[in-house]
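Student: Sharing a structure, written as structure tokens. Questions coming.
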Amino acid sequence: MYAAYRAAVETKGVPTVILAKSIKGWTLGPGLEGRNSTHQIKKMDAAQLMELRERLHLQEEIPDSALADGVPPYVLPASDSPEMEYMLQRRRALDGPLPARTVSTRRPLGGFGTDPFAELLAGSGNKAASTTTAFTRLLRNLCRDPEIGARVVPIIPDEARTFGMDALFRELGIYASQGQLYEPVDHELLLSYKESTDGQILEEGITEAGSMASWIAAATSYAHRGVPMIPFFTYYSMFGYQRVGDLMWAAGDARARGFLMGATAGRTTLMGEGLQHCDGHSQLLMSVLPSCRSFDPAFAFETALVIREGIRHMYPTDGSPGEDAFYFLTLYNENYPMPAMPDDAGTGRVERGVLEGLYRWEPAPAGDGPEATILFSGTSWSAAIQARDILAEHYGVRASLWSATSYQQLRTQAMETERWNRLHPMDPPRTARLTEILGDSAGPVVAVSDFMRAVPDQISRWVPSERGYCTLGTDGFGHSDTREALRRHFETDAPHVVVAVLHSLAQAGLVDASRAADAIKRYSLDPEAAPSWITP
């Protein structure tokens, strides 16, 4: 085949046609070649092996006795044989005996010329914003940075306006190889479409596959061009993995580096959108990608910390090779005031916790009542805070609040600890970081998520069994309704968090079960309602 294609390429002045006739199982003999069963045949008998030997002209190298047991020997041509000389010649032409992936950075990525993360770390004050909006502002700041801005690649399938990214059209431009050849329908708007040959945004149209192909090209540019790029592919969270999951695995195999942003995430946040947009599982699906770091931040400052750390790890400025990984973050469209990054007195506790996957957001209220621990992620933080206040006011229970930014990262580290202990049986055992973190809390642990319960269930094995671990999530199909109705349906609203805490405390013998019954009655919960994962 190589010889044919080489002859075709080197032929000049006339058209060249290569006729390739392929035969399934070629040279294997009449019992194998050209048969549909070839793929299922795993072993050849002695007669078939002899037929193959004759076809390959190996009678001198392989005597009949060598095939008597049906196990063919390896044949190594002599070092001065034409076959060996040809193979070595071709291998030298291909730059070595084995395929190698050599990364040579021609234009390294420098540090930041500004602090593009400062705005998100400072919070939004009293102004309500979504994490999608906050990310858009961060993306703008990154693109404006004088040092790395030109290396940032914003990629959007077709939802730029939904994500509030239309503000970037005029400033950054949408790339079009031939410039703008039409008058957009929104040309009278201030934030109308603007295409140009030097545009920075890749607005691909309704094609997640095309967008993912562009992302892979940019995410592997550090290797195949020696020019590190920082791609951000922002898409409808529900549609992403379902449409391009195979390409995400291919990206991991190619050691891609960059960010996948699952916007409008969650199963209860998109009022009126219905099943097609109700994402309650992308965090679970992305968690199985070996080189993907998956995060579900609740606040803008958490989003900023993860992206900043991702850039540091993937594109180091100290000459080290960098991490062959990519980051997935879920973003929400629910607006609420974004808090500033908590002051941890310079200890690094908050930043470390965000990146590890769990940190204490607020301690339990002062007092003498029983304690509990509530974990939240994404937009479920509001239910956790409301539940804490209800528990304190009506039931004398003090609950601490913990932000679980990444159950995947907690699980990965815990598995590493478990593996180390298994392979070092004579050494003092290590403790999973999750278990250490929860050591600073008390009482039963209740986790609430806008994703299905299998997401927080990932860490159940490492929560101390004596404390108990209850998870609330959005298992089942989505529905088109208000956020309040959806959270009541999935049993992830504040009253259900209250009941889960009180029931867990009752199981531990710390309160009477009548308190949980009181909360069920107080908030008109229906104990006989079918669970959300049962389709009526």
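The values are calculated or read from the model by the stated rules, or taken from the named source; none is laboratory data. All values derive from a computational prediction rather than experimental measurement. Positions of Cβ are generated from backbone atoms using ideal geometry, with glycine treated the same way; all protein chains shown enter the neighbour counts.
Student: Among (1) at pLDDT below 95; (2) part of a loop (DSSP other than H, G, I, E, B); (3) not aliphatic (A, V, I, L, M), where does residue 524 come up short?
Tutor: (1)
Student: Another question, if that's okay. So the check is Cβ under 7 Å with 6+ separation or different chains; which pairs have a first residue in segment 375-401 that's more than 15 Å from residue 474 (Cβ to Cβ) and buried (at least 24 other Cβ atoms within 10 Å of the Cβ) and a second one that's modelled with pLDDT under 95 and not aromatic (Phe, Trp, Tyr)?
Tutor: Hits for this filter: 397/369.
Student: Could I ask something else about it? I want to confirm something. Restricting to segment 28-55 and keeping residues that are more than 49 Å from the chain's Cα centre (by Cα) and closer than 22 Å to residue 77 by Cβ, which single residue is surrounded by the most Cβ atoms within 10 Å (Cβ to Cβ)?
Tutor: Per the criteria, the residue is 53.
Student: Based on what the data block shows, is residue 92 surrounded by fewer than 19 Cβ atoms within 10 Å (Cβ to Cβ) and over 28 Å from residue 328 (Cα atoms)?
Tutor: yes
Student: Right, another one. Out of all the residues in segment 110-143, which are among the polar types (S, T, N, Q), part of a helix (DSSP H, G or I) and either modelled with pLDDT of 95 or more or not assigned by TED's automatic domain parsing to the domain that holds residue 230 (or both)?
Tutor: Residues satisfying the conditions are 131, 141.
Student: Given the criteria closer than 22 Å to residue 438 by Cα, at pLDDT 95 or above and surrounded by fewer than 24 Cβ atoms within 10 Å (Cβ to Cβ), does residue 454 qualify?
Tutor: yes
Student: Another one. Looking only at residues in segment 209-236 that are over 30 Å from residue 319 (Cα atoms) and surrounded by fewer than 21 Cβ atoms within 10 Å (Cβ to Cβ), which one is farthest from the chain's Cα centre (by Cα)?
Tutor: Only one residue fits best here, namely 210.
Student: Return the pair list, or none, for Cβ contacts closer than 7 Å from residues in segment 452-472 that are of a type in the set (Lys, Arg) to residues that are crowded, with 21+ Cβ neighbours inside 10 Å and assigned to a loop (DSSP other than H, G, I, E, B), at least 6 apart or on different chains.
Tutor: Once the first residue is of a type in the set (Lys, Arg) and sits in segment 452-472, its partners that are crowded, with 21+ Cβ neighbours inside 10 Å and assigned to a loop (DSSP other than H, G, I, E, B) give 453/473; 467/443; 467/444.
Student: Still on this structure, please answer the following. If you go through segment 174-186 one residue at a time, do you hit one that is in contact with a Ser or Thr (Cβ under 6 Å, 6 or more places away or on another chain), within 25 Å of residue 116 (Cβ to Cβ) and modelled with pLDDT of 85 or more?
Tutor: Looking for residues that are in contact with a Ser or Thr (Cβ under 6 Å, 6 or more places away or on another chain), within 25 Å of residue 116 (Cβ to Cβ) and modelled with pLDDT of 85 or more, one finds none in segment 174-186, hence no.
Student: Can I ask one more? Six or more apart or on different chains, Cβ under 7 Å: which pairs go from a residue in segment 516-530 that's in contact (Cβ under 8 Å) with a residue 12 or more places away in the chain to one that's of a type in the set (A, V, I, L, M)? Could you list them?
Tutor: So the pair list comes out as 516/499; 516/502; 516/506; 519/498; 519/499; 519/502; 520/499; 525/499.
Student: Here's a follow-up. Residue check, residue 239 against (1) crowded, with 21+ Cβ neighbours inside 10 Å; (2) within 20 Å of residue 201 (Cβ to Cβ), all met but one. Which one?
Tutor: (1) is the only condition that residue 239 fails.
Student: Follow-up question, since we're still on this one. Of everything in segment 457-491, what is of a type in the set (Val, Ile, Thr) and surrounded by fewer than 17 Cβ atoms within 10 Å (Cβ to Cβ)? Give them in sequence order.
Tutor: 482
Student: I've got another one for you. I'd like the residue in segment 310-329 that is in contact with a strand residue (DSSP E or B) (Cβ under 8 Å, 6 or more places away or on another chain) and in a loop (DSSP other than H, G, I, E, B) and, out of all such residues, is farthest from residue 289 (Cα to Cα).
Tutor: Out of the qualifying residues, it is 315.
Student: Still on this model: For the structure I just gave you, tell me whether residue 243 is among the charged types (D, E, K, R), modelled with pLDDT of 95 or more and within 18 Å of the chain's Cα centre (by Cα).
Tutor: The answer is no for residue 243.
Student: Output the residues belonging to segment 417-435 that are among the acidic types (Asp, Glu) and surrounded by 11 or more Cβ atoms within 10 Å (Cβ to Cβ).
Tutor: The answer is 418, and nothing else.
Student: Could I ask something else about it? Give the residues of segment 318-338 that are over 22 Å from residue 262 (Cβ atoms) and crowded, with 16+ Cβ neighbours inside 10 Å, sorted by residue number.
Tutor: Of everything in segment 318-338, just one residue is over 22 Å from residue 262 (Cβ atoms) and crowded, with 16+ Cβ neighbours inside 10 Å, namely 322.
Student: Within segment 370-387, is even one residue more than 30 Å from residue 520 (Cβ to Cβ), among the polar types (S, T, N, Q), outside any helix (DSSP H, G or I) and under 21 Å from the mean Cα position of the chain (by Cα)?
Tutor: no
Student: To continue, here is another question. Among residues belonging to segment 148-177 that are in contact with a Cys (Cβ under 9 Å, 6 or more places away or on another chain) and small (Gly, Ala, Ser), point out the one that is nearest to residue 265 (Cα to Cα).
Tutor: Selected residue: 149.
Student: Can you tell me how many residues within segment 70-88 are exposed (fewer than 10 other Cβ atoms within 10 Å of the Cβ) and assigned to a helix (DSSP H, G or I)?
Tutor: Counting residues in segment 70-88 that are exposed (fewer than 10 other Cβ atoms within 10 Å of the Cβ) and assigned to a helix (DSSP H, G or I) gives 1.
Student: Filtering segment 1-34 down to residues that are outside any loop (DSSP other than H, G, I, E, B) and of a type in the set (Gly, Ala, Ser), which residue is farthest from residue 52 (Cα to Cα)?
Tutor: Among those residues, the one meeting the criterion is 8.
Student: Does segment 404-415 contain any residue that is without any contact (Cβ under 8 Å) to a residue 40 or more places away in the chain, surrounded by fewer than 24 Cβ atoms within 10 Å (Cβ to Cβ) and at negative phi?
Tutor: Among the residues of segment 404-415, at least one is without any contact (Cβ under 8 Å) to a residue 40 or more places away in the chain, surrounded by fewer than 24 Cβ atoms within 10 Å (Cβ to Cβ) and at negative phi, which makes the answer yes.
Student: Determine whether residue 162 is at negative phi and modelled with pLDDT of 85 or more.
Tutor: Considered against the rule, which asks whether it is at negative phi and modelled with pLDDT of 85 or more, residue 162 comes out as no.
Student: So, one more: Quick one: residue 58 ticks every box in (1) in contact with a helix residue (DSSP H, G or I) (Cβ under 9 Å, 6 or more places away or on another chain); (2) part of a helix (DSSP H, G or I) except a single one, so which number is it?
Tutor: Answer for residue 58: the failing condition is (2).
Student: Working only within segment 504-515, note down all residues that are in contact (Cβ under 8 Å) with a residue 40 or more places away in the chain and either touching a helix residue (DSSP H, G or I) at 6+ places or on another chain (Cβ under 6 Å) or not assigned by TED's automatic domain parsing to the domain that holds residue 373 (or both).
Tutor: Those that are in contact (Cβ under 8 Å) with a residue 40 or more places away in the chain and either touching a helix residue (DSSP H, G or I) at 6+ places or on another chain (Cβ under 6 Å) or not assigned by TED's automatic domain parsing to the domain that holds residue 373 (or both): 511, 515.
Student: Can you tell me how many residues within segment 75-112 are in contact (Cβ under 8 Å) with a residue 40 or more places away in the chain and farther than 30 Å from residue 320 by Cβ?
Tutor: Matching residues across segment 75-112 total 1.
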